[in-house]
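Notes follow once the structure below has been shown.
Rule-based calculations on the coordinates, nothing more; no lab input. It should be emphasised that the depicted structure is a prediction, and the values quoted were computed from it without experimental measurement. Please note: Cβ atoms are built from the backbone with ideal geometry, for glycine as well, and neighbour counts cover all protein chains shown.
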Amino acid sequence: MNNNWLLRVRNLTKIYGEATPGVLERTGPKFDTNICSRTGAVVAVNGISFDLYPGEVLGVVGESGSGKSTLVQMLYFDQEVTAGEVNFKPIEDGNVNLFELSNQKKRYVRNHLMGMVYQNPRDGLNFRFTSGGNIAEKLLMANVFNVGKIRIRGADLLTKTEVPIQRMDESPARFSGGMQQRVQIAKAIANNPPLLLLDEVTSGLDVSVQAKVLDLIRGLQQDLGVSMIVVSHDLGVIRMLTDRTMVLKHGQIVEQGLTDQILQDPQHGYTQLLVSSLL
Amino acid sequence: MIENLKFQHSFNYAYIDEFTKKEIRRKTLKAVCIPGYQVPYSSPEMPISRGWGTGGLHLTLSLVGPDDVLKVIDQGSDASVNACNLRLFIKEMSNCAVTFDTAEATLIQTRHRVPEEILTEKQILVLQVPQPEVLRGVERHEAKTRIMHGEADYAKIWVTLYEAYVRSGTLRNGAGHPIMVNGRYVATPSPIPSWDVPNLNKARCLYLFGAGREKRIHCIPPFTRVEPLEFEDIRFKVEEFVGVRCSTSGQDKAFMDQVYADDLSSSYVINDSNFLDKLRKGPRPPQKLFTNPE
């Protein structure tokens, strides 16, 4: 097995409710539900394992409620995990489980080594700060205490994400949805993280803005060589951005492989349904 | 008739009962041990409402003894209504001596100012604090601010300084510039002007901060490192009174109040009343002055 992975995820599990033994076996696509028939516990993510390689873009598709967002939120420490192990190469050469790190260390990973773009810009941005201030926050978290450098980096990032620099000192609350999303991307890549998590970045944007944001992400990926996990229910996004895709249903992987292969020749019934319902 | 024994006695020495005083002293000791950390305490009922200086009063009353010399100031003045009433109350309750003279006092309770005159190791300065949580402006939830302090997660407070600079070209954002105490906890110096903040650094006296309404005590022990938060390129600065002299004493190099007359003309007066008195009577008392960086 190839050992140059960046991120290794093993048996990642998230259960809302009582984690009684057997709850994982009673849910999943086989039973067509993620609710345990005995305890009513909801299994959002059910023993997911995968590797992510440097520079690779991994797509995660699935219908709403399939556990896509929970998956990336756990990777970004937004949610507590129920079980599972994640190893990340920049931390102790991948020999420790990220979830066993101290809170300070977790915060270091979050601020220095990962970037997250949420579906809703309100989750990723602080609307009480200016957009420049939002980027500054991420830089300050990484101990850059020089206003000159922060301003230059902020302007640089906003140029890269095509947000007019004249509006750097304005609150993102006054921006359009697409611009807010681009500010969020600028914030996420502020510290040049090796891993970027994108959670439904284009949902809720109109098609032309979607195309722009996708273009931006693809350009950044090519320029910076950053690894990405792209969560989307939109196969168009997946086709445009990703090299490899996992299809999630009821918290489990039902199919994975090269994106082209999955879109051309879907094996699992659910994937076939997804592909055939593509407009 | 029901006899209530509780009210047959006059008040306990220094108003607060001994057990509660002991509790406040214990919390104060804890605060001294962890500079800048906010220690929760009981904040017992006082004959004034919370938020009117009860935190300072608790600390002062838990410390005061018959041999103490007390000074109470409010925004630099010994003569304001608040200062007079608190001074009278503490004197009545503890039989201590009172003074206006900063150098003579062993215990000074103050609101919104630190005296200009250098304080010594024989003195304790008690500050009344309205809002002890320096992070409250950026985080509403108490549980979260505690985690942020625990993990020294101060990025948000830095962003407010960045934003202040972007908006106004200066880090100064009114009174109470956030300070880093002993390189660990970011704390509020209470709403003192920036002019007073350098006086907190490596001081010889003990600074105690009491917030009665918020039920917190924090402390800066003597000779503790206190750094105002500042950027590498944008430095902290104190108020500048350029080309301005006190209209009463003709002196400068002290924090000044701008006083408006009826015809809208304005003059400046040194804010610290005892310092002003001393300047008018004799030699300048010892003072620690901060020079703004270029």
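Is the shape of the stretch B:43-107 best called rounded, prolate or oblate, per the rule: a/c under 1.5 gives rounded, else a/b larger than b/c gives prolate, else oblate, with a ≥ b ≥ c the square roots of the Cα gyration tensor eigenvalues? Verdict is oblate for the stretch B:43-107. Maximal additional length on extending the B:T291-B:E142 stretch stands at 50.0 nm, based on 0.36 nm per residue less the C-alpha distance. Across all directions, the average flat footprint of the convex hull enclosing the Cα atoms of the stretch B:130-169 is 3.2 nm².
For a quick check, take a GNM of chain B with Cα springs below 10 Å and name the residue from B:Q258, B:Q38, B:Q123 with the largest mean-square fluctuation. Of the options given, B:Q258 has the highest mean-square fluctuation. Averaged over the residues of peptide B:228-236, the number of Cβ atoms from other protein chains lying within 10 Å of each residue's Cβ is 3.
Rounded to the nearest 0.05, what FRET efficiency is calculated for A:E92 and A:L224 with R0 set to 30 Å and r the Cβ-Cβ distance? E between A:E92 and A:L224, to the nearest 0.05, is 0.80.
Magnitude of the charge dipole for the stretch A:1-124, about its Cα centre and with charges confined to Cβ atoms of Lys, Arg (+1) and Asp, Glu (-1), is about 140 debye. Placing unit charges on each Cβ (+1 for Lys and Arg, -1 for Asp and Glu) gives the stretch B:1-102 a dipole about its Cα centre, and among B:S80, B:N95, B:G65 the Cα reaching farthest toward its positive end belongs to B:G65. Ranking A:G28, A:T161, B:F290 by Cα position along the charge dipole of the protein assembly as shown, where only Lys, Arg, Asp and Glu carry charges on their C-beta atoms, puts B:F290 farthest toward the positive end.
Above 16 Å lies some portion of the pair distances; for the stretch B:230-294, what is it as a whole percent of all C-alpha pairs? Walk me through the intermediate numbers first.
Details: 1128 of 2080 pairs.
Result for the distance tail: 54 percent.
Projecting the Cα positions of B:I234, B:C246, B:L279 onto the charge dipole of the stretch B:224-283 (unit charges on Cβ atoms of Lys, Arg, Asp and Glu, taken about the Cα centre) puts B:L279 furthest along the positive direction. Enumerate the residues in the stretch B:208-225 having an amide nitrogen under 19 Å from the point lying 7 Å beyond the Cα of B:R50 toward its Cβ. Within reach of a label on B:R50, which here means backbone N under 19 Å from a point 7 Å along Cα→Cβ, the stretch B:208-225 contributes B:209-218. Extension gain, B:D17-B:R280: 0.36 nm per intervening residue step, less the Cα-Cα distance, totals 90.4 nm. With the convex hull drawn around the C-alpha atoms of the protein assembly as shown, the volume per residue stands at 227 Å³. Taking a point 7 Å out from the Cα of A:D32 in the direction of its Cβ, the residues of the stretch A:246-279 whose backbone N falls within less than 13 Å of it are A:270.
Multiplying the residue separation of A:A211 and A:D156 by 0.36 nm and subtracting their alpha-carbon distance yields 17.6 nm. Would you give the gap between the C-alpha center of the stretch B:228-294 and the C-alpha center of the stretch B:195-218, rounded to a whole Å? Comparing the Cα centres of the stretch B:228-294 and the stretch B:195-218, I get a distance of 21 Å. Specify whether the C-alpha gyration tensor of chain B places it in the rounded, prolate or oblate class, a ≥ b ≥ c being the square roots of the eigenvalues: rounded for a/c under 1.5, otherwise prolate if a/b is larger than b/c and oblate if not. The shape class here is oblate. Magnitude of the charge dipole for the protein assembly as shown, about its Cα centre and with charges confined to Cβ atoms of Lys, Arg (+1) and Asp, Glu (-1), is about 760 debye.
If r is the Cβ-Cβ distance from A:D234 to A:R10 and R0 is 22 Å, what FRET efficiency results, to the nearest 0.05? Present the calculation step by step, with values, prior to reporting the outcome.
On the way: r = 28 Å, r/R0 = 1.27.
That gives a FRET efficiency of 0.20.
Given R₀ = 35 Å, FRET efficiency for A:E80-A:N120 by Cβ-Cβ distance, to 0.05? Plugging the Cβ-Cβ distance into 1/(1 + (r/R0)^6) gives 0.95. Per-residue mean of foreign Cβ neighbours for A:145-158 is 3 (Cβ atoms of other chains, 10 Å radius).
What Kirkwood radius, in Å to one decimal, follows from the Cα pairs of the stretch B:192-248? All intermediate terms of the calculation are to be shown ahead of the outcome.
On the way: mean 1/r = 0.0720 Å⁻¹.
For the stretch B:192-248, inverting the mean 1/r across all distinct Cα pairs yields 13.9 Å.
Measuring between their Cα centroids, the stretch A:252-279 and the stretch A:142-185 lie 37 Å from each other.
Computed about the Cα centre, the dipole magnitude for the stretch A:1-53 is approximately 40 debye when only Lys and Arg (+1) and Asp and Glu (-1) carry charge, each at its Cβ.
For the stretch A:128-244, the calculated P(r), taken from all Cα-Cα distances in 5 Å bins from zero up to the bin holding the longest distance, is 2, 11, 23, 23, 20, 12, 6, 2, 0 percent.
Relative to one another, the C-alpha centroids of the stretch B:18-36 and the stretch A:65-126 are positioned 39 Å apart. A Cα-only calculation for the stretch B:109-265 places Rg and Dmax at 16.8, 54 Å. Report the residue, chosen from A:N134, A:N126, A:N143, that carries the largest GNM mean-square fluctuation when chain A is represented by alpha-carbon nodes joined by springs under 10 Å. Taking springs between Cα atoms under 10 Å, the residue moving most is A:N143. Taken along the Cα-to-beta-carbon direction at a fixed 7 Å, the label points for B:K253 and B:E239 span 1.9 nm.
Would you kindly calculate the translational diffusion coefficient of the stretch B:1-136, applying Stokes-Einstein with the Kirkwood radius from alpha carbon pairs, for 25 °C and a viscosity of 0.890 mPa s, and quote it in µm² s⁻¹ without decimals?
On the way: Rh = 15.8 Å.
D, rounded to a whole number, is 155 µm²/s.
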